[in-house]
Amino acid sequence: MKKLLLVCSLSLFTFTTAQNVELSDKSSYDLKVGNDYFKMKDSEKLFKNDQAKRYLQKAKSNKTFSLVFASIGGAGIGYGAVRLLSPAKNETYYYPGGGSTQVSVKRGSPDVLLAGIAFAGAALPFAFAVKKNLRRAVDAENASTSDSQSKASISFGAGMNGFALNYNF
């Protein structure tokens, strides 16, 4: 009864203090070109440079490795923490002569937890490499395209209210 009351009060507290979080559809996209958003799997049609396509392929493979290692690490951390924090189990051993002994057996060990932390830590370099390779792909694509517009311009204008001078760099 006490456990049921505790669970109900904690869930009531959680639901009353929870905020309404709305994720935008744009949060799951990797690349933004102008006003358009592209996922990494759809972005191959954007890149025409071979070097940029190679960097994009490296970013995709690094993202896959990162997700696999992070998933294994998260599962290991969750399983290991639950097993480690669970209470000890009391087991009773009965002897053939009629006696018995009660032994407290600990359920978990920190091995799975530490392995999960190691896998999650191994996912970090791959996750950082995704951003680096995407940046290199965009830089390689931008270096291969030439700008047809001049960056600096001066324009003069005259209107009913006076004259105007506009500098663009």
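The values are calculated or read from the model by the stated rules, or taken from the named source; none is laboratory data. Source: prediction; values computed, not measured. Virtual Cβ from ideal backbone geometry, glycine too; neighbours counted across all protein chains shown. Heads up: the accessible areas ignore ligands, DNA and RNA and are worked out on the full protein's heavy atoms, side chains in. Shrake-Rupley method; radii C 1.70, N 1.55, O 1.52, S 1.80 Å.
Listed values, structure above:
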{"quantity": "Tabulated pairs, segment 96-111, first more than 20 Å from GLY80 (Cβ to Cβ) and in a strand (DSSP E or B), second β-branched (Val, Ile, Thr) and open to solvent by 50 Å² or more (accessible area, probe 1.4 Å), C-beta under 7 angstrom, 6+ apart or interchain", "calculated": "SER100/THR92; GLN102/THR92"}
{"quantity": "Segment 83-95 - residue that is open to solvent by less than 80 Å² (accessible area, probe 1.4 Å) and either part of a helix (DSSP H, G or I) or closer than 30 Å to ALA115 by Cα (or both) and, of those, modelled with the lowest pLDDT", "calculated": "ALA88"}
{"quantity": "In segment 55-69, the residues that are out of contact with any Ser or Thr (no Cβ under 8 Å at 6 or more places or on another chain) and open to solvent by less than 50 Å² (accessible area, probe 1.4 Å)", "calculated": "TYR55, ALA59, LYS60, SER61, ASN62, SER66"}
{"quantity": "Test: residue in segment 122-143 that is over 19 Å from MET40 (Cα atoms), touching a residue at least 12 places away in the same chain (Cβ under 8 Å) and not aliphatic (A, V, I, L, M)", "calculated": "no"}
{"quantity": "Near pairs, Cβ below 9 angstrom, 6+ apart or cross-chain, from segment 36-55 (among the hydrophobic types (A, V, I, L, M, F, W, C)) to any residue that is open to solvent by 80 Å² or more (accessible area, probe 1.4 Å) and in a strand (DSSP E or B)", "calculated": "PHE38/LYS32"}
{"quantity": "Counted residues, segment 117-163 - those being in a helix (DSSP H, G or I) and either modelled with pLDDT under 75 or among the aromatic types (Phe, Trp, Tyr) (or both)", "calculated": "3"}
{"quantity": "In segment 4-60, residue modelled with the highest pLDDT [restricted to those that are part of a helix (DSSP H, G or I), under 24 Å from PHE126 (Cβ atoms) and acidic (Asp, Glu)]", "calculated": "ASP50"}
